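J.: Let me give you the structure first, and then I'll get to my questions.
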Amino acid sequence: MSSYGDVFLYVGIVWAFISLGLLLLAWRAVTQGNVQLHKRLMIFLAVMAWVFIAAYLLRYKIPGAIPEIAPQYIPWIAIHGTIALVPLFGATCLILARLISRKESHFNCYHRYYGRVFVLLWCFTHLGGMVNFWLFK
Ligand code: HEM
């Protein structure tokens, strides 16, 4: 695998642990009434998720940066990749709704319900990333 592919794999596993911790911290913060910390962490994590996706897609432009994936792992990769898009777009919608939409808007009214689903799917995505590291390193 090319050096970009190796760097992506190792940076990815370190980021998976860090962001899983920050995500749980962001959730805990708002349950303890610290909305500012919750807001800042969620905005940081959503921005970093888009940066991660850009770095992931860049691999397709660099020869040898994509690891060999055995056919039996393709269904798992498809599930992991598809589920990962839900908290990415979901968190972005919740943030934009809090920043620019009316208080009564749908995402603001059901923020905590969507939020709990997106945080759990986001945790699943990070844990999936850890599994992928061991599958493809
Ligand atoms: C600008 C960004 C954000 C702000 C200002 C914000 C603010 C808040 C506030 C004020 C609450 C308290 C309940 C409520 O108002 O409904 C809350 C709850 C919650 N938020 Fe956010 N939030 C933001 C982004 C996010 C994102 C991106 C997620 C998840 C991906 C999220 C997940 C949650 C969860 C799970 C709760 C409920 C906690 C619980 O009671 O279990 N928030 N948020």
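J.: Of all residues in segment 1-36, which are among the small types (Gly, Ala, Ser), surrounded by fewer than 13 Cβ atoms within 10 Å (Cβ to Cβ) and either at positive phi or in contact (Cβ under 8 Å) with a residue 24 or more places away in the chain (or both)?
T.: Gly33 - this is the single residue of segment 1-36 that is among the small types (Gly, Ala, Ser), surrounded by fewer than 13 Cβ atoms within 10 Å (Cβ to Cβ) and either at positive phi or in contact (Cβ under 8 Å) with a residue 24 or more places away in the chain (or both).
Table: residues versus (1) touching a residue at least 40 places away in the same chain (Cβ under 8 Å); (2) open to solvent by less than 90 Å² (accessible area, probe 1.4 Å).
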{"position": "Ala55", "(1), (2)": "yes, yes"}
{"position": "Ile83", "(1), (2)": "yes, yes"}
{"position": "Phe89", "(1), (2)": "no, no"}
{"position": "Cys93", "(1), (2)": "no, yes"}
{"position": "Ser101", "(1), (2)": "no, yes"}
{"position": "Phe118", "(1), (2)": "no, yes"}
{"position": "His126", "(1), (2)": "yes, yes"}
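J.: Next question. Just for helices (runs of 4 or more DSSP H) wholly inside segment 47-137: which have at least 3 residues that are near the ligand (Cβ under 9 Å from one of its atoms)?
T.: Answer list for segment 47-137: 74-100, 111-136.
J.: Criterion first (crowded, with 17+ Cβ neighbours inside 10 Å and away from the ligand (no atom under 12 Å from the Cβ)) does Leu41 satisfy it?
T.: no
The values are calculated or read from the model by the stated rules, or taken from the named source; none is laboratory data. Just so we're clear, the structure is a prediction, and the values are computed from it rather than from any experiment. Note: ideal-geometry Cβ built from the backbone for every residue, glycine included; neighbour counts use all protein chains shown. Protein only, heavy atoms only, side chains kept; ligands, DNA and RNA dropped before computing areas. Shrake-Rupley method; radii C 1.70, N 1.55, O 1.52, S 1.80 Å.
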